[in-house]
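Taking it in order: structure first as structure tokens, then the write-up.
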Amino acid sequence: MLCNELTGYEVLSTGSYLLLQFTANSVSPGQGFAATFHFQPPPDSTAADSDRLLKLSFGKAFESLGPEVSATTSSCHQEFNSDGSKHGTLTSPHYPLAYPPNTHCHYEFFGRGKERIRLIFQDFFLFKSSDGSADCRNLDSLQAFVNVDGRLENVATFCGVDRPQPIMSNGPKLMLEFRGTQSSRHSRGFKISYSFIENFGITTGRQLKEFPCAFVYNSSESHNGTFASPNSPGLYPRDTECSYFFHGGQSEKVHLHFTHFDVEGVLPCEAVSASDYVEFSNYMTEDNKYGRYCGQMKEFHVESERNFFKVTFRSNDRLDGTGFKAMYQFLEASEEYQAPISDKASESLHFSGVMGLIIAAAHLNHQLYHS
């Protein structure tokens with residue numbers, strides 16, 4: 001079930017027939033949709049046919065990366081297809097030993113339908129210049145590319161020795177390009193766990209399979225818990241919309257406490273500023289009471305006016321952020337929110353620590369004054 005705005009979304013039938021039904025019952029018209037289709041063999045067909053068809057959507061995108069690597073370099077190329085395995089590990093050449101100088105590798109991932117590729121870095125140690133430069137353009141690096149409207153877009157570039165946060169594709173395809181021109185005996189390269197997933201890296205709530213990305217939280221199952229943006233704590237994927245539905249009891253309301261918020265955008269988070277955003281509603285439709293939230297924000301709280309609350313996260317095809325982390329709690333309508341004991345304890349510890357410093361400073365000042 002698709003609505004609002006989506007780009008690059010893929011649907012894969014479970015058999016040889018597929019019905020597409022378009023319903024338009026809103027007051028104001030939209031721009032509609034445009035899609036391509038092709039018939040492809042089932043997953044158990046020959047790998048050659050399957051691979052050929054999977055690559056149709058990429059077209060000639062990879063040719064923009066330049067000519068083939070010359071014979072004087074150490075080249076490597078690997079393809080990972082979700083038909084073969086939904087998860088696995090990839091490493092740089094010779095890992096955990098040092099990768100050779102002039103290494104150039106491509107790692108291509110091909111999923112199906114609504115699958116996304118998620119990469120989790122287990123180890124990362126590339127050659128780093130002695131001048132301490134942080135500019136990856138002139139250093140050994142690993143770059144991640146996704147397909148955006150038929151063009152190859154670089155979404156992340158990693159270099160140095162800091163282990164990157166997880167990354168996620170915006171659709172069923174992803175490519176990594178590794179360039180290791182320098183190397184040294186300490187440059188062991190990288191080790192990455194990959195997986196083809198449909199839950200967007202969101203591990204709480206119950207996923208609603210009939211939506212592209214939707215999760216439901218019922219007070220009958222848990223009165224409190226946490227939820228986060230896709231691929232947290234890494235950068236959220238581009239061109240993604242996720243909905244979080246909170247259903248309380250008849251006399252309950254929903255309280256949300258955002259502990260981290262980094263959503264690329266500029267207030268008031270409108271399309272004209274190409275902003276990603278989070279918005280809230282007491283209904284399934286839009287609710288102008290709360291407005292949109294974007295940018296980098298300190299901790300904040302949001303509360304529903306009824307026993308249902310919807311949170312919508314939307315990213316475009318431009319820039320990225322680390323998204324959000326939040327806690328939810330179902331309360332009685334007349335009940336005031338109380339911070340969890342752990343939060344109070346940390347606040348108390350912080351306060352007592354500050355008071356201790358003030359008392360110590362006052363004591364030292366008293367000693368100096370009377371000495």
(Q) Need one number: nm distance between label points at THR259 and GLU336, each 7 Å from Cα along Cα→Cβ, rounded to one decimal. (A) 2.4 nm
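Can you compute the charge dipole magnitude of region 90-131 about its Cα centre, using +1 on each Lys and Arg Cβ and -1 on each Asp and Glu Cβ, nothing else charged? Give it in debye, rounded to the nearest 20. Provide the component values of the computation, followed by the final result.
Details: 5 positive and 4 negative charges, 58 e Å.
The calculation lands at about 280 debye.
Once the other residues with Cβ under 10 Å from the Cβ of TYR194 are scored (Lys, Arg +1; Asp, Glu -1), what is the net sum? List each step's numbers first, then the result.
Values: positive: LYS86, ARG118; negative: none.
That sum, taken over residues with Cβ under 10 Å, equals +2.
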Q: Could you work out the local net charge near VAL155, counting Lys and Arg as +1, Asp and Glu as -1, over the other residues with Cβ closer than 9 Å to its Cβ?
A: -1
Q) Taking H as built 1.01 Å from N, whose amide H comes closer than 5 Å to the amide H of VAL155, not counting residues under 5 places away? A) ALA144, PHE145, VAL146
**Q.** SER129-GLU221 pseudo-label distance in nm [points 7 Å out on the Cα-to-Cβ vector]
**A.** 5.1 nm
Q: For LEU12 paired with LYS209, estimate the spin-label separation in nm (one decimal), with each label point 7 Å from Cα along the Cα-to-Cβ line.
A: 1.4 nm
**Q.** Under Karplus coefficients 6.51, -1.76 and 1.60, residue-wise ³J(HN,Hα) of region 239-251 in Hz, glycine/proline x
**A.** 6, 10, 10, 10, 10, 10, 9, 10, 10, x, x, 4, 10
Q: Using a cut-off of 10 Å between beta-carbons, work out the net charge of the residues near VAL263 (Lys and Arg +1, Asp and Glu -1, VAL263 not included).
A: -2
Q: Just reorder HIS104, HIS247, HIS186 by solvent-accessible area, largest first, 1.4 Å probe, all chains present.
A: HIS186, HIS247, HIS104
**Q.** Net charge dipole size for region 157-248 [Lys, Arg +1 and Asp, Glu -1 on Cβ; Debye, nearest 20]
**A.** 540 debye
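Quick one: pull the percent of accessible area on region 212-262 belonging to carbon and sulfur, 1.4 Å probe, ligands and nucleic acids left out.
Roughly 48 percent of what the probe reaches on region 212-262 is carbon or sulfur.
The values are calculated or read from the model by the stated rules, or taken from the named source; none is laboratory data. The model shown is predicted, which means the values in this text are computed figures rather than measured ones. Because the Cβ atoms are built from the backbone with ideal geometry, glycine has one as well, and the counts that use them run over all protein chains shown. Surface areas here come from the heavy atoms of the whole protein model, side chains and all, with no ligands, DNA or RNA. Shrake-Rupley method; radii C 1.70, N 1.55, O 1.52, S 1.80 Å.
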